[in-house]
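Here's the structure we're looking at; comments come further down.
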Amino acid sequence: MPLKKLNPEQLSAATAPLGKNLIIASAGTGKTSTIIGRIAHLLQSGVAPETILLLTFTNKAAGEMIDRIATAFGQGVANEIQAGTFHSVSYKWLKKLGEPIALKQPSELKTLFKTVYDRRLQRTARQESGPLSAAPLYDYYSLWENRVHGSFSQWLSDRNPAHELYGDLYEGMFEEFNALKRQLGFAGFNDLLLLMRQRLREGESSPFEEVLVDEYQDTNPLQNSLLEALGAPSLFCVGDYDQSIYAFNGAEIGIIGTFDERYPGAQVFSLSKNYRSSAPILSLANRVIAHNPRIYPKELQVTKTGPASPPALLAYGELFDQYQDIARRIALSQSPKNAIAVIFRNNSSADGLEAMLRELGIPCRRKGGGSFFEAREIKVLLDLITLAVNSRDLLAFIHILEYGPAIGAATAKELYDAALEIGQGNLLRGFLDPKRPSAPLFAKSYDPTRPGLFGHEEVAPTAARADRFTLSGGFGGHPLLTHPGLQPESAQFLAHLYQVAGLLCQPLSPARLIEKLIASPLYEQIADKLAHKRGLNKNRTLDEAAKAHAKERIFTKAQTLKELSRHYQECDRFINAMVLGAGEMSEGSGVNLLSVHASKGLEFDEVFVVDLMDGRFPNRKLMSQGGEIEEERRLFYVATTRARDRLYLSYASWDKYKKIDHKPSQFLYEAGLIEGRFGDQEKPN
């Protein structure tokens, strides 16, 4: 039975009398076993399973706990327990009460809100400092709903006094928007909690005898107000204030910190035995987190015995050298690859490492940030190299032409067919040395209103002339330019592709080819288009600084691919390693590349925490936007306590692409891995 497996501290918490109970469960102390033990105790004490509510951070976590209860008490009993996230439980409960709810994603509701926003704004006199655009205004409102502090307009003007002028306008917009949602039967995620709380406050009775809350430290005020509205006689809240890392999503650490104040007579239990990490790892994590204020006293005890490796500091001169060496260390490690994790604070940190792992043939899976090889600026380079290897690759050609102005997928397919025809089966030859067609190339045209990639409709042959475009560089008058749907800007894009086709036919190494592709007008045009899109504000105005930063990152990623390709002499072998290996990567096996937030709740034999440089971890940019060093320190604590046996902390002093010097993170000083105080330029131990 679950209770027999608990240690004395866990058992004491799990068998506490009904009432208000808070369990401080630090990393690796067995909080899941304690929650399952608590449910077992309730059932053995005669509490009906249908009066037990288990609220978890993910539905997966709830499912795993219920499965373990089913093993002990049978599936029928387990199925009676209500379990899931705040949102999923609210949705099921409201549907059971007969609420006509059509749940909508935030992106859909933003579109609906914009219709209200645009109509209201048309009736408003514009001031020198205009109102927020629709998308960020919606995001602010959603954050306010999670915090439920006073009126929205007052909350927003407290954050930015310039918006006080538009308080009535904003309030009117959301009043109309919420009325429209009710009329249509739509609900967002916050609406589920708000509606359930409203029904409870209006007198709907709660059937629950006890509510158990996992990851209580990440509860936000809206969720907490729902807990209070449920009014269950007994609460069993499990969490760790040192792992509260979701402030950006509205979570407030003060909720766990004031538990015994809000519930006089509440019992607070602490689980002190750590079953996960070795003594040196836990000691390091505790040294750093001790710099944060202590909310409830706790002292962890290590239960693991035997030899233990101390955490290792890996210092590098250059950023890319860091990624390369860590990949080599992982390749030589005796640990199973799926028992190794690389944890990063910023998504860009994982790009170089993912590339190096791919080069060494080490499978990996990435969570908490997009894959390096899924970045569009990388995919287009790989598509171009693919054409150098296989000039008949349709999808590579289609993907490249997606960046051409006024070139749709159907037009791209027609251009592909035509290039093959005049190239006698070779796409590149069709660009560089076309055979003059005996009949019009484009006797068919596509109807842009027809769905599908290759939807065509017969039309009369056109009299389009290739010389209607003024193009230099030898592409003027090319047969492909007779396509009737081409515009001057799309013709210029094809002229850039014509120049690149010449490069693709040269016997170049992958690194030399990538270098030339990066310098080509074609890639410059594609990079500018991507950077422009990424530099747009929510209101579709261009932020030139953001665009410049995005463009810099695009070319940095391209340089990373070039560095990676230096180990290959033939393009076909390089593409095979980079592209064909992607299927294995997406299978979800191998080394885990995780953001700190994505790593929460997981554990691994071996953990690398990378890019521990001041500015990156802690992230000073996010701190300047309202974050706190205490939250960054909690993120560091979460990252390091994922490790069972071996922990590596790494940093680099120089970024050769951005020409930036880096200082070690202050957390390395606090951990005692670097002598002196933060800011001193001491060498590592």
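A few remarks follow.
- Helical mean residue ellipticity (222 nm; -39500 (n - 2.57) per DSSP H run of 4+; nearest 500) of the chain: -14000 deg cm²/dmol
- Lys60 - accessible surface, heavy atoms, 1.4 Å probe, Å² rounded to 10: 150 Å²
- Per residue, the average separation of C-alpha pairs within less than 8 Å and at least 6 apart gives the chain a relative contact order of 16 percent.
- Two-site FRET efficiency, Asn79 against Arg201, from Cβ-Cβ distance with R₀ of 30 Å, rounded to 0.05: 0.55
- Our estimate of slack between Glu99 and Lys273, defined as 0.36 nm per intervening residue step minus the Cα-Cα distance, is 58.1 nm.
- Heavy-atom SASA rank of His532, His662, His567 (probe 1.4 Å, accessible area, largest first): His567, His532, His662
- Computed over protein heavy atoms with a 1.4 Å probe, the accessible surface of the chain works out to 44 Å² per residue.
- Rounded to the nearest 20 debye, dipole of the chain from Cβ charges on Lys, Arg, Asp, Glu: 620 debye
- When segment 462-512 is reduced to its Cα atoms, the Kirkwood hydrodynamic radius in Å: 11.9 Å
- Relative intensity, log₁₀ I(q)/I(0), of the chain from a Debye sum that treats every alpha carbon as a point, q = 0.08 Å⁻¹: -0.80
- Near the amide H of Leu536, within less than 5 Å, lie the amide hydrogens of Asp543, all on another chain or at least 5 residues away, with H placed in the peptide plane.
- The C-alpha radius of gyration of segment 155-311, expressed as a fraction of 2.2 N^0.38 Å, stands at 1.41.
- Dimensions (Å) - segment 29-179, Cα atoms, principal axes, largest first: 67, 36, 22
- The alpha carbons of segment 302-372 stretch over 39, 27, 24 Å along the principal axes, in descending order.
- Extended-chain gain in nm, criterion 0.36 nm per residue less alpha-carbon gap, Asp139 and Leu394: 87.7 nm
- Segments 480-493, 537-550, 152-165 sorted - mean Cβ within 10 Å per residue, highest first: 480-493, 152-165, 537-550
- Chymotrypsin sites (Phe, Trp or Tyr not before Pro) restricted to DSSP loop in segment 61-93 with at most 16 other C-beta within 10 Å: none
- Inter-centroid distance (Cα atoms) of segment 491-522 relative to segment 55-77, Å: 56 Å
- Highest-first packing order for the peptide set 206-219, 181-194, 429-442 is 206-219, 181-194, 429-442, based on the mean count of other beta carbon atoms within 10 Å.
- Accessible area per residue (1.4 Å probe, heavy atoms of protein chains only) ranks Lys621, Lys600, Lys95 as Lys621, Lys95, Lys600, with the largest value leading.
- Segment 1-102, relative contact order in percent, only Cα pairs under 8 angstrom and at least six apart counted: 24 percent
- Among the protein heavy atoms, those of Ile245 account for about 0 Å² of accessible surface (1.4 Å probe, every chain in place).
- Ordering Gly74, Gly150, Thr219 by Cα displacement along the dipole of the chain toward the positive end leaves Gly74 in first place; charges were set at the Cβ atoms of Lys, Arg (+1) and Asp, Glu (-1).
- Accessible surface ranking that places the most exposed of Cys237, Cys505, Cys571 first, with a 1.4 angstrom probe: Cys505, Cys571, Cys237
- Of the solvent-accessible surface of the chain, computed with a 1.4 Å probe over protein heavy atoms with every protein chain present, carbon and sulfur atoms account for 50 percent.
- Here the Karplus curve 6.51 cos²θ - 1.76 cosθ + 1.60, taken at θ = phi - 60°, turns the phi angles of segment 373-383 into couplings of 7, 8, 5, 5, 5, 7, 4, 5, 5, 5, 5 Hz, with x standing for Gly and Pro.
- Residues with amide H under 5 Å from that of Ser270, placed H, sequence gap 5 or more: Ile24
- Coupling constants for segment 239-254 follow from the phi torsions by the Karplus curve (6.51 cos²θ - 1.76 cosθ + 1.60, θ = phi - 60°), and in residue order they are x, 9, 4, 6, 10, 7, 10, 10, 4, 4, 9, x, 5, 10, 5, x Hz; glycine and proline get x.
- Segment 589-659 versus segment 342-358: alpha-carbon centroid distance in Å: 11 Å
- Close amide H partners of Ala375, meaning residues 5 or more places away or on another chain with modelled amide H under 5 Å apart, do not exist here.
- The accessible area of Val607, taken with all protein chains in place and a 1.4 Å probe, comes to roughly 0 Å².
- Pairwise centroid distance, computed over Cα atoms, of segment 6-43 with segment 98-120, Å: 41 Å
- Each principal axis of the Cα cloud of segment 258-391 was taken in turn, and the coordinate range along them, longest first, works out to 75, 40, 28 Å.
The values are calculated or read from the model by the stated rules, or taken from the named source; none is laboratory data. Every value quoted in this text rests on a predicted model; they were computed, and no experiment measured them. When we count neighbours, we look across all protein chains shown, and the Cβ atoms used for this are built from the backbone with ideal geometry, even at glycine. Only protein heavy atoms, including side chains, enter the accessible area calculation; ligands, DNA and RNA are left aside. Shrake-Rupley method; radii C 1.70, N 1.55, O 1.52, S 1.80 Å.
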